[in-house]
1. Within the group B:96, B:136, which residue is within 13 Å of chain A (Cβ to nearest Cβ), within 25 Å of residue A:214 (Cβ to Cβ) and surrounded by 24 or more Cβ atoms within 10 Å (Cβ to Cβ)?
2. Tell me whether the range B:46-55 contains one or more residues that are assigned to a helix (DSSP H, G or I), among the aliphatic types (A, V, I, L, M) and farther than 30 Å from residue A:160 by Cβ.
3. Where in the range A:143-238 are the helices (runs of 4 or more DSSP H), entirely inside, with at least 1 residues that are farther than 20 Å from residue B:202 by Cα and without any contact (Cβ under 8 Å) to a residue 60 or more places away in the chain?
4. Report, by residue number, each residue of the range B:237-256 that is under 23 Å from residue B:206 (Cβ atoms) and surrounded by fewer than 18 Cβ atoms within 10 Å (Cβ to Cβ).
5. Have a look at B:269, B:196 and point out the one that is under 30 Å from residue A:156 (Cβ atoms), surrounded by 16 or more Cβ atoms within 10 Å (Cβ to Cβ) and at pLDDT below 95.
6. Tell me whether the range B:79-91 contains one or more residues that are part of a helix (DSSP H, G or I), within 19 Å of the chain's Cα centre (by Cα), of a type in the set (Val, Ile, Thr) and farther than 18 Å from residue A:10 by Cβ.
7. Could you tell me whether the range B:217-231 includes any residue that is of a type in the set (Asp, Glu) and within 8 Å of chain A (Cβ to nearest Cβ)?
8. Among the candidates B:192, B:175, B:260, which residue alone is free of Cβ contacts under 8 Å to residues at least 12 places away in the same chain, part of a helix (DSSP H, G or I), closer than 23 Å to residue A:167 by Cβ and in contact with a helix residue (DSSP H, G or I) (Cβ under 9 Å, 6 or more places away or on another chain)?
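The values are calculated or read from the model by the stated rules, or taken from the named source; none is laboratory data. Since the structure is predicted, the reported quantities are computational estimates derived from the model, not experimental observations. Cβ coordinates were reconstructed from backbone atoms using ideal geometry, including for glycine residues, and neighbour counts include every protein chain displayed.
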Amino acid sequence: MLNKEFIFKRVAFLSATLILFILIGIFTMLFLQAKPAMQKYGAHFLVEKSWNKTITIKDTNPPKVTKVVKKKKETSASDNDDALFSDDTPVLPGDNEDMQSDDTNAAPVKTDTIFGGYIPIVGTILSSLIAMVFALPLALGIAIFLSEIAPGFLIKPVGISIELLAAIPSIIYGMWGLFYFAPIVQNIFGGSQISLLTAGLVLGVMILPFMAAITRDSMNTTPDVLKESAYALGATKFEVVKDVIFPYAKVGIIGSIILSLGRALGETMAVAFLIGSVFKLPLKLTDPTVSIPVVLANNFGEANDLMMSSLYYLALILFVFSFFVIGFAKFYFLKGRR
Amino acid sequence: MREKRLLLNKIILLLSTLSAIAGMLFLAWILITLFLKGIGSISLSVFTKDLVNGGLKNLIFGQFVMAGLATLIGVPLGVMAGIYLREYGRGRYVNLIRDLSDIMMSAPSIVIGAFVFAFMVVPMGGINGWAGAVALAIMLVPIVVSTTDNMLSLVPKELREAGIALGGGKYRVILDIILRAAKVGLMTGILLAFARIIGETAPLLFTSGTNSFWTTNLNDAFPSLTVSIYNLANFPTDKARDLAWAASFILTVIVLIINLLGRYIIRQRKRK
């Protein structure tokens, strides 16, 4: 009897602890996989604009210096074995002759591949911001409608519709966005159908129901007594919302908005259909670019070695960043809310 | 002055109502699009043939198998963890786990895919169905933890006290009284969690991949409806796109039916 009790409690404890282990496991695994790229590029990875770019690395000495050195050597070592200088340049093993042909100095070259996260990081932040700018006013409007304006018989159907909108899988948003929403965005704003703007807007439609639902929940925490007092003083509905509900539920509303941002940052499929997967900084909103989840989704299959490690570096950045954004919202603003 | 206040009020109320209408319109737009495109592309052969022959049978099967396995793995863990948080644990550790679980619920799903790739796919030598199920289970656990935690908190204290007074061990009280009292809420929560993971794509992309052929071998690339939608939509032929629409329609119908079923159960219980 006592024994079963002990086992049951132990199993429950281990199950709860497993959550901690999974999170530590995710972090450790991403870190270990990202390590080669972290060691190679360091923090410069965050501002490097190239991705999978092969560059040639000249010999440690710049060409001019080599020439001088060579001349000096030639004069000083004139008696030495001619064979040593018969070749103009000391070709490194494994060097590619074709690579050198461009180089006027024919300096010894090695190739190296550069990976940098700047463009996907910028793409992730920009697409999430567009989504927030688009979704925030609508979500606030829906929340105000549901908590203050809607007549009783409408609260439920509208509420359920908003929650169903949140239940639709993200890949469906991608399909709809690509084939039906993108052409309309293109007609209005010009540019290409596949762009930062379309990706951001579809992302906005996607986080809209989530944002509206949790903002409404925050607003509903306002005690009726406060609202009724304000109405009794002759306040309009808008004034009650602005001067009673918003100040009272401010912390919760801000927390809900930040939490939605955290969700938007990690969204993959809806964005993958629409952002274009092009490693280019967007000069206009209607240019295609790429975001971190999309880089992961589209490159994981064929990546190896350094590229794989760089992908894990990006995954780690995304994980840590969204962890802090969500954690910030939860701890600072939504504390004690269950 | 008064006029201005009333006018401003009217404008804001109008804008709020318009936002709600806009939200409803988006839902209607997506559903109508899916319905029109889906109905046009669905025929009986979609359900009787595998992807390799232009159907979706193996994909629907595969998606259910992986989500089902994830539920089998994740629900016991999540429920037990929730029981610990609500019934046994005290103090800081419980709050830490609760907060971490909440954060994990919103963690980027693609990162969970990347984790499972390093954790299972590489050691096992290639994409496989187990890895897909585990990735989905990791998504599921925090949802189930949160549901269990909430539902158990609704069970009145008197029931616990009465149970203890009967002289059963604490685990007996939890299993026979508390879980039974919270059963309907728990089932609903699990149903909604299942609806959430069955539509996931990102965690499956490089864990289970997808497979054009019928297979029940979880050690191999496993058919996934969602991953195949992504592949088919990027395929340049009309036939592939039609199939992607049919698959999207079926997926949405499955997800929405499970969701509405869950809500219906909640409503039935409240009416009692």
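1. Values: B:96 fails: surrounded by 24 or more Cβ atoms within 10 Å (Cβ to Cβ).
Going through B:96, B:136 in turn, just one is within 13 Å of chain A (Cβ to nearest Cβ), within 25 Å of residue A:214 (Cβ to Cβ) and surrounded by 24 or more Cβ atoms within 10 Å (Cβ to Cβ): B:136.
2. If we filter the range B:46-55 for residues that are assigned to a helix (DSSP H, G or I), which is where we start, we get B:46-48, B:51-53.
Now drop any that are not among the aliphatic types (A, V, I, L, M), which leaves B:46, B:51-52.
Filter once more, so that each one left must be farther than 30 Å from residue A:160 by Cβ: B:51-52.
For the range B:46-55, residues assigned to a helix (DSSP H, G or I), among the aliphatic types (A, V, I, L, M) and farther than 30 Å from residue A:160 by Cβ: present.
3. Working: elements: A:152-167, A:170-176, A:182-189, A:196-219, A:224-232.
Ranges flagged: A:152-167, A:182-189, A:196-219, A:224-232.
4. B:240, the sole residue that qualifies.
5. B:196 is the lone residue from the list that is under 30 Å from residue A:156 (Cβ atoms), surrounded by 16 or more Cβ atoms within 10 Å (Cβ to Cβ) and at pLDDT below 95.
6. Checking the range B:79-91: not a single residue is part of a helix (DSSP H, G or I), within 19 Å of the chain's Cα centre (by Cα), of a type in the set (Val, Ile, Thr) and farther than 18 Å from residue A:10 by Cβ.
7. If we filter the range B:217-231 for residues that are of a type in the set (Asp, Glu), which is where we start, we get B:220.
Next cut, within 8 Å of chain A (Cβ to nearest Cβ) only: none.
So far as the range B:217-231 goes, no, none of its residues is of a type in the set (Asp, Glu) and within 8 Å of chain A (Cβ to nearest Cβ).
8. On the way: B:192 fails: free of Cβ contacts under 8 Å to residues at least 12 places away in the same chain; B:175 fails: closer than 23 Å to residue A:167 by Cβ.
Being free of Cβ contacts under 8 Å to residues at least 12 places away in the same chain, part of a helix (DSSP H, G or I), closer than 23 Å to residue A:167 by Cβ and in contact with a helix residue (DSSP H, G or I) (Cβ under 9 Å, 6 or more places away or on another chain) holds for just one of B:192, B:175, B:260, which is B:260.
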